[in-house]
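Here is the structure we will look at.
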Amino acid sequence: MASNRKRLCVLGSTGSIGETTLAVVRDYADRFQVVGLSAHAAADALAVQAREFGVEHVCLTGNGNGGELEALRPLRGEAGLVELIDRCEPDMVVVATVGAAGLPPTLRAIERRIPIALANKEVLVTAGDLVMRRARRLDVPILPIDSEHNAIFQCLGGVSDARRLPLRRIILTASGGPFRGRSRAELSGVTREEALNHPTWNMGRKITIDSATLMNKGFEVIEVHHLFGVETARIEVIIHPQSVIHSLIEYHDGSMLAQMGVTNMYLPIANVLAYPERLENARFAPLDLAAVATLTFEAPDLHAFPCLRYAYEAVEAGQTYPTVLNAANEIAVRRFLEGEIAYLGIPALIDAALQAHRPQPADELEAIAEADRWARAYCESRAPMEPTAERMP
């Protein structure tokens, strides 16, 4: 008898989002089946996952080796992610990879008309116009896993094109990261360990640094613009350290809707995997508002955290600027984590790349790939630097 379980291909399965996705599958094994898995270099962890879920098709994109994994004859490299989708024939592709590597398999899933559960910010930041144009032309759902975008998706009642609604604005909430309230001067000597100590979320290293600089929120602004068709002038960011309200929308009449919930990525992932149904939650206690007691909000400090402003500027300028923003950020974060540049060198390097870039129309994959290559090479070759006063608001 054929199974009626939804077949999932989980890209980035050994990361925090991937592991939480597999936790949902364990809890609802009668609803979901894993048919494809990928990891970057965690060969042993990937082999363990493949054995647990009985997965035959796996891909390793980085330089990792594992005797047990080799028995599965894994696909290799970023090209293997595209072939993985072809081989495992899923009902949904969960894109939880980190970086621009998520773009080719996302485009392949769209080409095959496979719904996408998207957790990879760089896909839409790097090539949002191209991706959404193809997805809308082929009527392929792109369902957001990120807690903020999933909150907006829920507030909109599952509508993916908000241009049809009488919206005044969309408000993205941000925890503020580990450095909330610090001035730019107070950030000049922060360490890698301090930047990785997020007060709310347990995430991968790169995303945690993005949260510390607020680039993560800048990427989310760009994602909202593409996912829901809303111009950036109607997308606002508010700091909400309790992380109880995950995002809000406001209609023209002044009515506001907010999505609230416990701080755990399990819930938005379960929401997307089961959509349009809702799974009964037996893992978490209901949100205790009396225990939360207080919800506070504050405006972001663009002087201390200029990466958020750079994201607005990049998406408003369009063309290949968002691609450069993403690639420059990836290199800057890596160089910071490896001790090559200071924390404030991250926005400085990104700004330098944006200022030096000569943009091209971002309507073809080749132009996007070339802008990505240029930005990476530029940022790899630059000496450590600090932001200049004239570029600060």
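The values are calculated or read from the model by the stated rules, or taken from the named source; none is laboratory data. All of these numbers come straight from a predicted model, not from anything done at the bench. Cβ placement follows ideal geometry from the backbone for every residue including glycine, while neighbour counts extend to all protein chains displayed. Just so you know, the surface numbers come from the protein's heavy atoms only, side chains and all, with ligands and any DNA or RNA stripped out. Shrake-Rupley method; radii C 1.70, N 1.55, O 1.52, S 1.80 Å.
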Please pick out the residue among Val82, Val48, Val24 that is among the aliphatic types (A, V, I, L, M), out of contact with any strand residue (DSSP E or B) (no Cβ under 8 Å at 6 or more places or on another chain), in a helix (DSSP H, G or I) and more than 17 Å from Asn120 (Cβ to Cβ).
Val48
Scope segment 154-203; condition of a type in the set (Gly, Ala, Ser), surrounded by 16 or more Cβ atoms within 10 Å (Cβ to Cβ) and over 17 Å from Gln242 (Cβ atoms); matching residues:
Ser160, Ala162, Ala195
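Please find, among Leu37, Leu81, the residue that is within 18 Å of Arg26 (Cα to Cα), within 21 Å of the chain's Cα centre (by Cα), of a type in the set (A, V, I, L, M) and modelled with pLDDT of 95 or more.
Details: Leu81 fails: within 18 Å of Arg26 (Cα to Cα).
Going through Leu37, Leu81 in turn, the sole match is Leu37.
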Unmet criterion (only one of (1) surrounded by fewer than 24 Cβ atoms within 10 Å (Cβ to Cβ); (2) in contact (Cβ under 8 Å) with a residue 40 or more places away in the chain; (3) farther than 17 Å from Val272 by Cβ) for Arg134:
(2)
Close pairs from segment 151-164: first among the charged types (D, E, K, R), partner loosely packed, with under 15 Cβ neighbours inside 10 Å and part of a helix (DSSP H, G or I), Cβ under 9 Å, at least 6 apart
Asp161/Arg136
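So that you can scan it fast, the table gives a plain yes or no per residue for (1) touching a strand residue (DSSP E or B) at 6+ places or on another chain (Cβ under 7 Å); (2) not in a loop (DSSP other than H, G, I, E, B):
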| position | (1), (2) |
| --- | --- |
| Glu250 | yes, yes |
| Val262 | no, no |
| Leu267 | no, yes |
| Ala270 | no, yes |
| Leu273 | yes, yes |
| Ala282 | no, no |
| Ala304 | no, no |
| Ala311 | no, yes |
Among residues of segment 100-121 being open to solvent by 10 Å² or more (accessible area, probe 1.4 Å) and not aliphatic (A, V, I, L, M), the residue nearest to Val272 (Cα to Cα) is Pro115
When segment 346-362 is checked residue by residue, the ones that are at pLDDT below 95 and exposed (fewer than 14 other Cβ atoms within 10 Å of the Cβ) are Pro361
Under 7 Å between Cβ atoms, which residue pairs at least 6 apart in sequence (or on different chains) link something in segment 88-101 that is on the phi > 0 side of the Ramachandran plot with a partner that is of a type outside the set (Val, Ile, Thr)?
Gly99/Glu122; Gly99/Glu330
